[in-house]
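*Asks:* One structure, as structure tokens, below. Some questions next.
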Amino acid sequence: MDRYRVIREIGDGTCGNVFRAVNRATNELVAIKRMKRKFYHWEECINLREVKALQKLNHPNIVELREVTMENHELFFIFEHMDCNLYDLIRERHVPFPEEEIRKLMIQILQGLVYMHNNGYFHRDLKPENLLVTNGVVKIADFGLAREVCSSPPYTDYVSTRWYRAPEVLLQASAYTPSIDMWAVGAILAELFTLSPLFPGENEIDQLSKICTVLGTPDHSVWPEGMNLPQSNRFRFCQNQTRNLWELIPNASLEAIDLIKQLCSWDPQRRPTAEQALHHPFFNVGKCAPRALHDNSYSRMDESRSYPRLELGLGLGTESDDLDLTLSLKPSSLKDLNKHVPEHREEENLLYPGFGNPPVQPGLWPLMSSSHHPLGDVQAMPSWHQAYMADSQAALPAVGGFSGSPFGLFPLQPNLMESRSLAPAPIRQVNFF
Ligand SMILES: Nc1ncnc2c1ncn2[C@@H]1O[C@H](COP(=O)(O)OP(=O)(O)OP(=O)(O)O)[C@@H](O)[C@H]1O
């Protein structure tokens, strides 16, 4: 480790302390994570989940592991250095992020997840602290809990920080899927709008109660499998009506609200995959493309719920030339607002360079009603496998073959991967023992 000069400690996590350091030879900034536990055999190190996952995953939205070194029974990971994490950005912020900025952050998080899930891993501990940011570029970090999709259940060990933990994990499902990452993405998306957590549970029971308070009490129609999970018999779901998310997140567009609702579905099978989420109309707001939320699926949603309405007020003052024009946003029907949403604003490229390959086909987005039933004839995702099959076949050109697993697709963005070396991070064994 003499090759690095430590500047200061920048993180103290469960598994390790993270230091900002400089490579003495190249002057390059790096982040060194020193694992808290001791290691006595090199095999233990290279079998760590974090090492195994990061050696395989190479993507612009996943933090790069440069080196693994062991000295005096201490294990060090050398990472590319990032300026801060999303938690710091949220905490320092006094006014909400503009939605455009949120969109740019979310696109990158989802691109990292598409790549990770398609390559057979799910993260299991997504939270703002694990999303590192430098100059607007987001990278997913901390793969200490990452699991291979094809590894066998039961998954009984500790999973994810409570506030971002999916209900099936809280209710102790023995098997779960990458959709637990999608739940966390929904909670993070909401938090980017409000700057405070959507489900800030104080313990596991309170966590489920907080979720009920927002999403309403689940039942068989909303989440059939959930009613049979081990803890669901013992846990008495508090009886809550579904809250109107727009009231909780008033600064979010209808598209953002719809995406949060779908990501935070009780039923994991009804959550969009990362790939499907990238095709959500939220990512087309401000673009010229026709948007699914403008089609007549919208008019089938419950119009009695209150949504913002643009209202043009014409007031006459006491003086004859005292004409008062006001434009205000008021709760109204969704249909009304729809009429006012500009459809032809200047297009801005929201996607990470190189992302544009799969054509975005917003019309294929399966819209769900507030009760999370599929609308019209569009089938909500029946399973991860079918969802991937359906989505891949419908929305994407043939970029590769299926291996029989939903994650057997070739990566979505081959051009992104080509831009970086595919060689795994060097693993260095220092012979101090
Ligand atoms: N590459 C990096 N560049 C800059 N800061 C980093 C980097 N990696 C980690 N950090 C900082 O260190 C913190 C802890 O890192 P990390 O999450 O990897 O440790 P951990 O022990 O696994 O934490 P956790 O308690 O979340 O499991 C991060 O939240 C981040 O602020």
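*Asks:* Considering only region 62-115, state which residues are hydrophobic (A, V, I, L, M, F, W, C), within 14 Å of the ligand (Cβ to nearest atom) and under 20 Å from the mean Cα position of the chain (by Cα).
*Replies:* ILE62, VAL63, MET82, CYS84, LEU86, LEU89, ILE90
Yes or no, residue by residue, for (1) surrounded by fewer than 19 Cβ atoms within 10 Å (Cβ to Cβ); (2) of a type in the set (Phe, Trp, Tyr); (3) in contact with a strand residue (DSSP E or B) (Cβ under 7 Å, 6 or more places away or on another chain):
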residue: VAL63; (1), (2), (3): no, no, yes
residue: MET70; (1), (2), (3): no, no, yes
residue: GLU74; (1), (2), (3): yes, no, yes
residue: ASN85; (1), (2), (3): no, no, yes
residue: ARG91; (1), (2), (3): yes, no, no
residue: PRO98; (1), (2), (3): yes, no, no
residue: ILE102; (1), (2), (3): no, no, no
residue: GLN108; (1), (2), (3): no, no, yes
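*Asks:* Write out, first by first residue and then by second, each pair whose Cβ atoms fall under 6 Å of each other, whose residues are 6+ apart or on separate chains, and whose first residue, in region 78-93, is in contact (Cβ under 8 Å) with a residue 24 or more places away in the chain and under 14 Å from ASN61 (Cα atoms) while the second is within 7 Å of the ligand (Cβ to nearest atom) and open to solvent by less than 20 Å² (accessible area, probe 1.4 Å).
*Replies:* Close Cβ pairs (under 6 Å, with a partner that is within 7 Å of the ligand (Cβ to nearest atom) and open to solvent by less than 20 Å² (accessible area, probe 1.4 Å)) amount to PHE79/ALA31; PHE79/VAL63; HIS81/ALA31.
*Asks:* Follow-up. Cβ-Cβ distance below 9 Å, separation of 6 or more or different chains: which pairs start in region 240-255 with a residue that is within 17 Å of PHE283 (Cβ to Cβ) and end on one that is hydroxyl-bearing (Ser, Thr, Tyr) and open to solvent by 30 Å² or more (accessible area, probe 1.4 Å)?
*Replies:* Taking only residues 6 or more apart or on different chains, the pairs are ALA252/THR194.
*Asks:* Restricting to region 124-163, give me the number of residues that are away from the ligand (no atom under 11 Å from the Cβ), crowded, with 20+ Cβ neighbours inside 10 Å and at pLDDT 90 or above.
*Replies:* Number satisfying all stated conditions: 1.
*Asks:* On to the next question. Residue by residue through region 116-128, note down the ones that are outside any helix (DSSP H, G or I) and under 14 Å from the mean Cα position of the chain (by Cα).
*Replies:* PHE122, HIS123, ARG124, ASP125, LEU126, LYS127, listed by residue number.
*Asks:* Going by what's in this entry, would VAL114 be described as touching an Asp or Glu at 6+ places or on another chain (Cβ under 9 Å), surrounded by fewer than 20 Cβ atoms within 10 Å (Cβ to Cβ) and modelled with pLDDT of 95 or more?
*Replies:* In short, no.
*Asks:* Can you give me the number of residues within region 1-24 that are farther than 14 Å from PHE77 by Cβ, at pLDDT below 95 and either touching an Asp or Glu at 6+ places or on another chain (Cβ under 9 Å) or not polar (S, T, N, Q) (or both)?
*Replies:* So the count comes out to 3.
*Asks:* Could you go through region 119-126 and let me know if any residue there is under 21 Å from ALA166 (Cα atoms) and of a type in the set (Lys, Arg).
*Replies:* Scanning region 119-126 turns up at least one residue that is under 21 Å from ALA166 (Cα atoms) and of a type in the set (Lys, Arg).
*Asks:* Does ALA53 satisfy being open to solvent by less than 100 Å² (accessible area, probe 1.4 Å) and touching a residue at least 60 places away in the same chain (Cβ under 8 Å)?
*Replies:* Answer is yes for this residue.
The values are calculated or read from the model by the stated rules, or taken from the named source; none is laboratory data. In this text, all values refer to a predicted model and were calculated from it rather than measured experimentally. Because the Cβ atoms are built from the backbone with ideal geometry, glycine has one as well, and the counts that use them run over all protein chains shown. To get the accessible areas, we keep the full protein, side chains included, count just its heavy atoms, and leave off ligands, DNA and RNA. Shrake-Rupley method; radii C 1.70, N 1.55, O 1.52, S 1.80 Å.
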